[in-house]
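Here is the structure we will look at, set down as structure tokens.
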Amino acid sequence: PEASHLRDKEVRVSLLDRYPIDVWKKETKRVELNPFRERIEELIEVFKGRREELARFAQHLTEHSAGFFMIWGPPGVGKSALLARFAELFRWGGERRAEAYPDVEWPQLEVKLVDYYLRRGSSDKVNEMFDSVNQRLDALYNLNLSLGGDAQSKQALFLQRLKLISERLEPHQRLILIFDGLDEAPMSSLSSSRGARL
């Protein structure tokens with residue numbers, strides 16, 4: 001409360017020369033690679049246990065270079081929290097992950113992850129999901145494809161991106177896509193995708 005508040009234009013100019021914050025704010029092509037950071041932190045804030053499920057994830061990654069891993073159950077049992085914890089663990093890196101869960105055999109893989117969390121009762125649309133995921137895939141893999149106009153073209157471009165990425169992946173690399181809450185998407189947004197299958 002007793003600190004002096006000074007405004008120094010020279011310091012501001014110097015700072016903006018080094019870090020062009022105003023320019024960064026105007027950039028429209030900047031993609032947030034983790035737009036669900038707050039949601040993930042909220043979900044894992046009180047996360048406990050689930051070592052067996054995390055070990056199954058790790059085993060699936062070790063044994064399969066492609067495929068699906070699905071989680072289902074009634075609302076409120078912690079599916080979203082489990083997915084958020086899994087995503088966070090792979091963002092941490094191998095050493096920290098092994099330290100947190102030493103009894104889990106984590107695969108020695110180079111992993112890139114893109115996740116999307118639909119919230120119950122949200123108005124997220126299929127188009128918004130494809131736009132978010134496609135932009136983040138472009139940023140991670142230096143792709144420069146169109147986002148498409150309607151849900152069908154967005155889905156087709158999403159599949160095209162996956163094909164291009166899968167051709168580039170080495171045996172020690174994985175791309176993990178997490179889609180949480182697809183069953184909670186408003187039916188109107190799913191039907192507006194003109195039969196697009198997710």
*Does the stretch 119-142 contain at least one residue that is free of Cβ contacts under 8 Å to residues at least 12 places away in the same chain and open to solvent by 40 Å² or more (accessible area, probe 1.4 Å)?*
yes
*Within the set of pairs 6+ apart or on separate chains, which have a first residue in the stretch 52-70 that is hydroxyl-bearing (Ser, Thr, Tyr), a second that is part of a loop (DSSP other than H, G, I, E, B) and open to solvent by less than 90 Å² (accessible area, probe 1.4 Å), and C-beta atoms under 6 Å apart?*
Thr62/Pro107
*Could you list, in sequence order, all residues of the stretch 99-117 that are open to solvent by 30 Å² or more (accessible area, probe 1.4 Å) and over 19 Å from Lys48 (Cβ atoms)?*
Glu105, Gln108, Leu109, Glu110, Val111, Lys112
*Scan the stretch 103-134 residue by residue and report those that are more than 29 Å from Gln59 (Cα to Cα) and either under 14 Å from the mean Cα position of the chain (by Cα) or at pLDDT 85 or above (or both).*
Glu128, Asp131
*Residue identified as open to solvent by less than 30 Å² (accessible area, probe 1.4 Å) and at pLDDT 70 or above among Ala156, Ala151, Ala196*: Ala151
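Suppose we keep only residues that are of a type in the set (A, V, I, L, M) and free of Cβ contacts under 8 Å to residues at least 40 places away in the same chain within the stretch 71-98. Which one would you say is surrounded by the fewest Cβ atoms within 10 Å (Cβ to Cβ)?
Val77
The values are calculated or read from the model by the stated rules, or taken from the named source; none is laboratory data. These numbers come from a predicted model, not from an experiment. Virtual Cβ from ideal backbone geometry, glycine too; neighbours counted across all protein chains shown. The accessibility values were calculated without ligands, DNA or RNA, using every heavy atom of the protein model including side chains. Shrake-Rupley method; radii C 1.70, N 1.55, O 1.52, S 1.80 Å.
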